[in-house]
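First the structure, in the form of structure tokens, and then the observations on it.
Laboratory data are not the source of any read-out in this text; all were calculated from the coordinates shown. Computed from a prediction, not measured in an experiment: that's the story for all the values here. Cβ: placed from backbone, ideal geometry, glycine included. Neighbour counts: every protein chain shown.
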Amino acid sequence: MKDLEQLNQAMQAVMQAARAQVLAKMGSQLTVAEKTSRRDLVTNVDHSNEDFLVHEIRSLDPAAHILAEEGTGDQVASMQGHVWIVDPIDGTMNFVHQRNHFAMMVGLYIDGEPTLGYIYDVMAEKLYAGGPQVGVTLNGKPLKAPADLDLSEGLFGASSPLLINDRFHMQQITTISLGPRIMGSAGIQISQVLAGELVGYLSYLRPWDFAAGRVLAESLGLVVSQVDGRPVDMLSSGAVLIATKRAQSTILAIS
Ligand code: IPD
Ligand code: CA
Ligand code: CA
């Protein structure tokens, strides 16, 4: 295996290549299928991009295990060793209906430790990359840690079902904040927390929705936890909070 810095550079090149392929395919008719419901879509581009990312990761890190949303990877039951977690298109609904506001995400955990993360906002051409040992960059330039603002001092990233159904006190949380913002892509919203545009984001997430974001967020001094403050488990799904330290502490006091 290459060392982490080389791996980081190589993965950024893979993400660039993946973006170019996705953009090229967006010019043609998409094949769209429903997975569990009319709001849970998958396209030919989700599949082809996952195939590409898994193939490239295998050639960079042959002994690794890969957990990929659409099933191209391995059955992963443990976080021991190198585990890559892949979401080939995050925000597929946006991809299909807006041709905008979607991301590609990849995270690497080594023996359970967040190690490398990549969130690519494809249409805005913003690649957030890196990890605790190699630093975090946005399009190759070092990204400054966001200010540790409290919940009342910033906008809050919500998800539609949690806000509509007032799960996990989402209405109270967003009322205390400067206002809710909803994008329909966990990757885009987590990248907005990284950039200091939101003080936090709370959503029901699966491992591939927040694996990359957790690496990047923790590297920048943000906190990632379950909604009651317990640590997240990278192999299960649940309500995940990514926030500044002060916003997290205010939210935990509400919950
Ligand atoms: C979805 C998006 C959405 C979030 C859902 C995810 P997908 O990812 O991130 O914002 O609310 O929970 O499943 O299915 O488009 O990769
Ligand atoms: Ca996806
Ligand atoms: Ca996703």
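Lysine pairs in the chain whose alpha-carbon atoms fall under 26 angstrom of each other, counting only those eight or more residues apart or on distinct chains, come to 9.
Among beta bridges identified by DSSP and lying wholly in the chain, the antiparallel ones come to about 85 percent.
Summarising the amide proton neighbourhood of residue 196: residues at separation of 5 or more, or on other chains, whose placed amide H is nearer than 5 Å comprise an empty set. Phi-derived couplings, Karplus 6.51 cos²θ - 1.76 cosθ + 1.60 at θ = phi - 60°, listed residue by residue for the range 102-118: 9, 9, 10, 9, 9, x, 10, 10, 10, 6, x, 8, x, 10, 9, x, 9 Hz, with x used for Gly and Pro.
Ranked by the mean number of other Cβ atoms within 10 Å of their residues, highest first, the peptides 180-189, 146-155 fall in the order 180-189, 146-155.
Only Lys, Arg, Asp and Glu carry charge here, each on its Cβ (+1 for the first two, -1 for the last two); on that basis the range 151-254 has a dipole of about 40 debye about its Cα centre. Derived scalar couplings between HN and Hα for the range 189-197 equal 5, 5, 5, 6, 5, 4, 7, x, 8 Hz in order, rounded to whole Hz, by the Karplus curve 6.51 cos²θ - 1.76 cosθ + 1.60 (θ = phi - 60°), x for Gly and Pro. The ellipsoid that matches the Cα gyration tensor of the range 151-254 has semi-axes, each √(5λ) in whole angstrom, of 18, 15, 13, with the longest given first. For the chain, the longest principal axis of the Cα atoms and the long axis of helix 4-26 meet at an angle of about 90 degrees. Count Lys and Arg as plus one, Asp and Glu as minus one, and take only other residues whose Cβ is under 13 Å from that of residue 255; the net charge is then 0. Hull volume per residue, based on the alpha-carbon atoms of the range 33-77 and their convex hull, is 65 Å³. Highest mobility in the GNM of the chain, judged by mean-square fluctuation with C-alpha springs under 10 Å and restricted to 72, 36, 137, is found for 36.
Restricting the calculation to Cα atoms, every distinct pair contributes to the Kirkwood radius of the chain, found to be 18.1 Å. May I ask for the angle, rounded to the nearest 10°, between helix 245-254 and the longest principal axis of the chain, with both axes built from Cα atoms and the value confined to 0 to 90°? Approximately 60 degrees, to the nearest 10. Place a +1 charge on the Cβ of each Lys and Arg in the chain and a -1 charge on the Cβ of each Asp and Glu, then give the dipole magnitude about the Cα centre in debye, rounded to the nearest 20. Computed about the Cα centre, the dipole is about 520 debye. Projecting the Cα atoms of 20, 145, 102 onto the dipole axis of the range 8-155, where Lys and Arg carry +1 and Asp and Glu carry -1 at the beta carbon, places 20 farthest toward the positive end. Residue by residue, the range 83-90 carries 3J(HN,Hα) couplings of 10, 9, 10, 10, 10, x, 9, 9 Hz when phi is fed to the Karplus relation 6.51 cos²θ - 1.76 cosθ + 1.60 (θ = phi - 60°); x denotes Gly or Pro. The modelled label-to-label distance for the pair residue 148/residue 58, using points 7 Å beyond Cα in the direction of Cβ, is 4.5 nm. If you fit an axis through the alpha-carbon atoms of helix 207-219 and take the longest principal axis of the Cα set of the chain, what angle between them do you get, 0 to 90°, nearest 10? The answer is roughly 70 degrees. Potential lengthening of the chain between residue 167 and residue 78 amounts to 29.1 nm, from the contour at 0.36 nm per residue minus the alpha-carbon distance.
For the range 38-162, the Stokes-Einstein estimate of translational diffusion at 10 °C and a viscosity of 1.306 mPa s comes to 98 µm²/s, using the Kirkwood hydrodynamic radius over alpha-carbon pairs.
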